[in-house]
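Trainee: I have a structure I would like to understand better, so I am pasting it below and will then ask my questions one at a time.
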Amino acid sequence: MGQPEQAESNGQVVVDGEDVLAESGEPRVEQQDDDGREPVPSRSWRTRGDFIGVALVVVAVLVASLVLWLTSDARNTVSQTGPSEITPLQPVTAMPPTLSEIWRAPSGASPVPVNLDSVVVTGDGGEVVGRDAFTGDVRWRYARDLPLCTVSTAWGRIFTVYRKDTNCSEVTTLETGSGKRGPQRNGDAEFGTRLLNEGSHVLTTGGTYVEVYRRDDLVRSLEYGTLRAIVNPNKQPRTGCTYHSFAVTGGKIALIERCPALDPADRLTILKPNPEKSDEPQVISSTVIGENGARVIAVTSNRVAVAVPGRLLVFDSETGASVATYPVDVSAEELAGDPPGRVASTFTSTANTYWFTGSKTVALSLADLNPLWTVNGTLGAGTTLAGHLLLPVDAGLKVLDQVTGAEVASIPVDRGDHTGPIEMATEGQVVLEQRGGTLVALR
């Protein structure tokens with residue numbers, strides 16, 4: 001017989017595949033379970049306590065989800081959209097002999113008529129409604145459980161601003177035709193704010209703070225005044241100032257500032273709407289004008305008009321230098337305080353800019369902003385229809401030649417007991433009058 005094979009492995013002697021001796025020479029002892037029991041299987045998740053734990057987790061998730069839904073903007077928003085197609089109304093070529101009311105709707109949040117491409121928009125309480133210009137029928141509706149601050153239009157979209165907490169912070173854009181929601185943002189506009197469309201930016205007016213939103217995405221491009229959260233201190237040009245009237249044009253924002261600790265009189269400041277950094281304003285010009293109680297009326301690419309009692313002051317909008325002074329019949333009482341929304345009542349056509357002083361309408365040249373002619377006893381800055389200027393008066397509407405200011409016709413309008421100022425617009429053949437908190441359509 002052959003000898004068994006032996007080999008060393010790790011200090012052990014292996015004979016025919018079996019360990020015979022350990023390194024110490026002692027026999028190797030096989031390991032045995034201490035008590036001979038089988039291994040304990042993994043824990044089962046089917047006990048009563050397990051089910052109770054899972055149920056508690058599920059309930060907690062459901063409660064959290066319900067609370068989130070109950071307090072979310074989506075739950076407290078109504079969005080009823082309409083057809084996207086709109087047919088713009090054709091302009092009128094002949095003046096109608098009469099105008100009668102065809103519909104009306106409450107619209108306390110629209111300081112002026114809001115209309116575009118055959119759609120008229122009203123805003124009241126927390127609801128914004130897109131209406132057919134001819135009938136007033138509802139095309140779409142957007143509502144939130146927050147009060148509206150203002151409604152306006154820019155770049156073919158409707159802008160809504162809602163009040164939340166301590167300011168007018170909820171900005172939402174809506175498609176004009178359908179009311180479908182577009183870009184939104186949270187801002188810091190003040191109560192009583194107005195939206196001014198500069199062309200590529202929208203300005204929110206305010207007494208101590210204003211901000212500007214960029215056209216394409218509503219990103220904030222400018223903060224001016226007392227910032228809510230100062231990231232980079234000492235970037236504002238002046239502190240302790242208040243703002244009292246605004247006007248905008250492409251690339252320029254004009255405002256009247258009052259800085260009692262710094263200036264002996266009112267200051268006219270021209271800003272860029274889009275500085276390199278939003279919290280570092282870029283001032284084009286800033287001039288103490290030597291007058292108090294001033295109100296900025298209009299601004300163009302090279303001129304800015306400022307009203308003071310009895311006079312209209314015109315400045316170069318690039319340098320702030322005084323250009324001209326014109327006598328106008330406007331009293332200190334008419335200029336007392338701030339205009340609604342800190343914006344003078346004006347309307348600009350292809351011919352002139354029309355300024356409502358509170359008792360009369362003054363036509364200003366588009367080239368130099370110098371006064372051309374004046375109509376006394378008016379109720380607003382007016383609007384145009386069939387190439388003529390319509391000015392609201394107590395008896396109805398005066399129809400004027402835009403070049404000469406001569407009255408060429410009159411149209412009676414029954415306004416019932418309304419006697420206050422009237423802001424106007426036209427949409428095709430429809431004439432719109434904002435009478436306080438009510439929008440009235442005439443045809």
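Trainee: Take peptides 365-375, 345-355 and line them up by average Cβ neighbours within 10 Å, highest first, as a rough protection proxy.
Mentor: Packing order, densest peptide first, comes out as 345-355, 365-375.
Trainee: Here's something else I'd like to know. In region 77-346, how many lysine pairs have Cα atoms under 28 Å apart, counting only pairs 8 or more places apart or on different chains?
Mentor: Lysine pair count for region 77-346: 8.
Trainee: With a sphere of radius 10 Å drawn around the Cβ of L439, what net charge do the other residues whose Cβ falls strictly inside it have (Lys, Arg +1; Asp, Glu -1)?
Mentor: 0
Trainee: Quick check on the exposure proxy: order M424, M95 from fewest to most C-beta atoms within 10 angstrom.
Mentor: M95, M424
Trainee: What is the packing order of peptides 278-287, 305-314, taking the mean over residues of other C-beta atoms within 10 Å and listing the highest first?
Mentor: Per-residue mean Cβ counts within 10 Å order the peptides as 305-314, 278-287.
Trainee: If one computes P(r) from the Cα atoms of region 234-344, what percent of pairs lie at distances over 21 Å?
Mentor: Distances greater than 21 Å cover 32 percent of the Cα pairs.
Trainee: Considering every pair of different Cα atoms, what Kirkwood radius, in Å, is found for region 347-420?
Mentor: The answer is 12.3 Å.
Trainee: Multiplying the sequence separation of S349 and K235 by 0.36 nm and subtracting their Cα-Cα distance, what value in nm do you get?
Mentor: Length gained, S349 through K235: 37.2 nm.
Trainee: Additional query: From the mean inverse distance of alpha carbon pairs (Kirkwood) and the Cα radius of gyration, derive Rg over Rh for region 114-245.
Mentor: 1.01
Trainee: Could you give the nm distance between label points at D137 and A409, where each point is 7 Å from its Cα heading toward the beta carbon?
Mentor: 2.9 nm
Trainee: Please report R295, R104 as a ranked list, fewest other C-beta atoms within 10 angstrom at the top and most at the bottom.
Mentor: R104, R295
Trainee: Moving on. Over what distance in Å are the Cα centres of region 76-122 and region 364-442 separated?
Mentor: 18 Å
Trainee: Continuing with this model, one more query. For a quick check: sort I289, I422 by the number of other beta carbons within 10 angstrom, fewest at the front.
Mentor: Final ranking by Cβ density, sparse to dense: I289, I422.
Trainee: Put a dot 7 Å past each Cα toward the Cβ at S301 and W155; how far apart are the dots in nm?
Mentor: In this crude spin-label approximation the distance works out to 2.2 nm.
Trainee: Work out, in µm²/s and without decimals, the Stokes-Einstein translational diffusion coefficient of region 77-346 at 4 °C, 1.567 mPa s, Rh from Kirkwood over C-alpha pairs.
Mentor: 65 µm²/s
Trainee: Can you give me the long-range amide H partners of T150? Hydrogens built in the peptide plane at 1.01 Å from N, cutoff under 5 Å, separation of 5 or more residues or another chain.
Mentor: It is V161, by chain and number.
Trainee: Further question: Find how much the distance from A265 to A367 grows on full extension, using 0.36 nm per residue of separation minus their present alpha carbon separation; answer in nm with one decimal.
Mentor: Using 0.36 nm per residue and subtracting the Cα-Cα distance, I get 33.9 nm.
Trainee: What translational diffusion coefficient, in µm²/s and rounded to a whole number, does the Stokes-Einstein relation yield for region 105-153 at 37 °C and a viscosity of 0.692 mPa s, taking the hydrodynamic radius as the Kirkwood radius over Cα pairs?
Mentor: In µm²/s, the coefficient is 308.
Trainee: Shifting gears a bit: Rank by packing, highest mean first: peptides 333-341, 171-179, 394-402, with packing defined as the count of other Cβ atoms within 10 Å averaged across residues.
Mentor: The packing order, highest mean first, is 171-179, 394-402, 333-341.
Bear in mind that the values in this text are calculations on the coordinates, not laboratory data. The structure displayed is predicted, hence computed values, not measured ones. Every residue, glycine as well, gets a Cβ built from its backbone with ideal geometry; the counts of neighbours run over all protein chains shown.
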